[in-house]
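Enquirer: My structure is below; once you've seen it, I'll send some questions.
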Amino acid sequence: MPLWQCRMRSPYGCKPPPHAGRVGQGGEKPAVLSTCLQFIKACLKPYPKALLGLLKVMARARHASRWAREWALVRHDLDVDEITVATLLYDVAETLMWCFAPTLALQVRDMQVKDRVLRSQVAQQTIYNITLPTLQLELIGGRQGPEVRLE
């Protein structure tokens, strides 16, 4: 199921129309994507720096997915779309922290700004009491569905 079909239950009504195209395959509907972005902006309105952090993570994930897709095409991989989606999902834990725990994510960012040599996992362990890769593995492990390769 395409990502846009995951309907969000919210008072802001971030529900794409049934005629929307498939995201990532040239059928994006700007109205659908802008509606979801408006929902995120409304949720993070009290935290403008958190919104900026989220947008940076999303831009980094999109950039990485483009590179991964290009390399998969060069290598003639059979599952180019799976590689692209997996690359987009790599930063899902950080994205969730920026969306649902913006003050904590800002604390991690501030720690790293103050101490440039501080490793991100040390800051995450200090603030979240868990590292993001560990959180991501826990999120994957708790879901139901087909088997996932964790290498």
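Enquirer: Could you check the range 53-84 and list, in sequence order, the residues that are loosely packed, with under 13 Cβ neighbours inside 10 Å, in a helix (DSSP H, G or I) and either not assigned by TED's automatic domain parsing to the domain that holds T95 or not charged (D, E, K, R) (or both)?
Expert: Selection gives A59, H63, W67, L73, V74.
Enquirer: Working only within the range 37-50, note down all residues that are part of a helix (DSSP H, G or I), closer than 13 Å to F100 by Cα and in contact (Cβ under 8 Å) with a residue 40 or more places away in the chain.
Expert: I40, C43, A50
The values are calculated or read from the model by the stated rules, or taken from the named source; none is laboratory data. All values derive from a computational prediction rather than experimental measurement. Every residue, glycine among them, receives a Cβ derived from its backbone with ideal geometry; neighbour counts consider all protein chains shown.
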